[in-house]
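Worksheet: the structure to be examined is printed underneath.
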Amino acid sequence: MDEEKRISKTDYIYGMHPVMEAIKAQKTIDKVLVQSDLKGPNITELRRLLKDHKISSQNLPLGRLNHLYKKNHQGVVALLSPIEFQPYEEVLNKVYEEGRTPLFLILDRVSDVGNFGAICRSAECLGVDHIIIPVKGSAQINDEAIKRSSGALLNISVSRERDLAEVCQKLAASGLQLIGCSEKGEKNIYEVKYELPLAIVMGSERDGINSTIVKELNDMVQIPMSGKTDSLNVAASTAIILSEISRQRGGF
């Protein structure tokens, strides 16, 4: 979906100071559109706030911003997210406190909103406790994403992080096994046991799992196939491996 359609369907805040105050007030912001050639102390402060609060931004020329938004935006428009992001550490602690075995899903730059929505639907249906996405490179969480997930995004917790490799390190230190699913995997998904605390990592449609994340994995698995097509899309692959995990854990 292009920015023009997203603006028309998304709540937003405009203006330099209102946007900065919204960030400081911890409003859940999906993305901030910034005029490309803005300079000065205010834009420096805005970019610092965006970094500190893990909010993605996109630079646009003034003409494009004016086309998207007719009011006095001062070169800054914040698109509000329809969901509240949650710290993955808090979710993990809660799962452990409840005596359950964690199942986290890390999506490395899954950018297609259709795939992203379908994955979230499968995750919610098949027992995933939490989804982790990167600040940059992921599909935007907007009305379209919620629609594509059939509303599942409203029923599963999500966090947004700058460094997924660092997240993997912290999850490993908290007792989770990290397993990537890719056509490059050496093991069959049905040869692996999934009873331990677990984070499944799925890569982008184009590039797969980033090499910095691969280094943190305990295992890499693949889905066996017998047809002539050499791979499944990321949404189908995620549904298959989550289904196997649910089966092994007694979900059905």
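Select from region 50-94 the residues that are over 20 Å from the mean Cα position of the chain (by Cα), among the hydrophobic types (A, V, I, L, M, F, W, C) and surrounded by 15 or more Cβ atoms within 10 Å (Cβ to Cβ) and list them in ascending order.
Correct list: L60, L65, L68, V76, V77.
When you scan region 170-217, how many residues do you find that are in a strand (DSSP E or B), under 18 Å from the mean Cα position of the chain (by Cα) and among the polar types (S, T, N, Q)?
Initial filter on region 170-217 (in a strand (DSSP E or B)): 177-181, 187-188, 198-202, 204, 208.
With under 18 Å from the mean Cα position of the chain (by Cα) added as a condition, the list becomes 178-181, 198-202, 204, 208.
Cutting the leftovers down to among the polar types (S, T, N, Q) gives us 204.
The total comes to 1.
Among the candidates L196, L176, single out the residue that is surrounded by 15 or more Cβ atoms within 10 Å (Cβ to Cβ), more than 17 Å from S243 (Cβ to Cβ) and at pLDDT 95 or above.
Details: L196 fails: surrounded by 15 or more Cβ atoms within 10 Å (Cβ to Cβ).
Every option except L176 fails the conditions.
Quick check on region 67-74. Is at least one of its residues at pLDDT below 90, assigned to a helix (DSSP H, G or I) and not acidic (D, E)?
Within region 67-74, one or more residues are at pLDDT below 90, assigned to a helix (DSSP H, G or I) and not acidic (D, E).
Out of the residues in region 1-35 meeting the condition of being part of a loop (DSSP other than H, G, I, E, B) and under 19 Å from K71 (Cβ atoms), tell me which one is modelled with the lowest pLDDT.
Step one: list which residues in region 1-35 are part of a loop (DSSP other than H, G, I, E, B), which gives 1-2, 10-11, 15, 25-28.
If we keep only those that are under 19 Å from K71 (Cβ atoms) too, we end up with 10-11, 15, 27.
Details: T10: 55, D11: 82, G15: 92, K27: 86.
Here the answer is T10.
Looking only at residues that are among the aliphatic types (A, V, I, L, M) and under 17 Å from P134 (Cα atoms) in region 50-66, which one is modelled with the highest pLDDT? Quick ask: steps written out before the conclusion?
Step one: filter region 50-66 for residues among the aliphatic types (A, V, I, L, M), giving 50, 55, 60, 62, 65.
Now narrow it down to the ones that are under 17 Å from P134 (Cα atoms): 50, 55.
Working: L50: 94, I55: 91.
Per the stated criteria, the residue is L50.
For region 199-246, give me the residue count where each residue is in contact with a helix residue (DSSP H, G or I) (Cβ under 7 Å, 6 or more places away or on another chain), of a type in the set (S, T, Y) and surrounded by fewer than 21 Cβ atoms within 10 Å (Cβ to Cβ).
Qualifying residue count for the region: 1.
Looking at region 131-155, which of its residues are in a strand (DSSP E or B) and either without any contact (Cβ under 8 Å) to a residue 40 or more places away in the chain or surrounded by fewer than 21 Cβ atoms within 10 Å (Cβ to Cβ) (or both)?
Of the residues in region 131-155, the ones in a strand (DSSP E or B) are 131-134.
Hits for region 131-155 are I131, I133, P134.
Pick out the one residue from V167, V128, V158 that is among the aliphatic types (A, V, I, L, M), part of a helix (DSSP H, G or I) and under 25 Å from M220 (Cβ atoms).
Details: V128 fails: part of a helix (DSSP H, G or I); V158 fails: part of a helix (DSSP H, G or I).
One residue alone meets the criteria, V167.
So, in region 86-111, of the ones that are part of a loop (DSSP other than H, G, I, E, B) and in contact (Cβ under 8 Å) with a residue 60 or more places away in the chain, which residue ends up nearest to M202 (Cα to Cα)?
Applying the filter and picking the extreme gives D108.
The values are calculated or read from the model by the stated rules, or taken from the named source; none is laboratory data. If you're wondering where the values come from, they're calculated on a predicted model, not measured in any experiment. For neighbour counting, all protein chains shown are included, and Cβ atoms are generated from backbone atoms with ideal geometry for every residue, glycine included.
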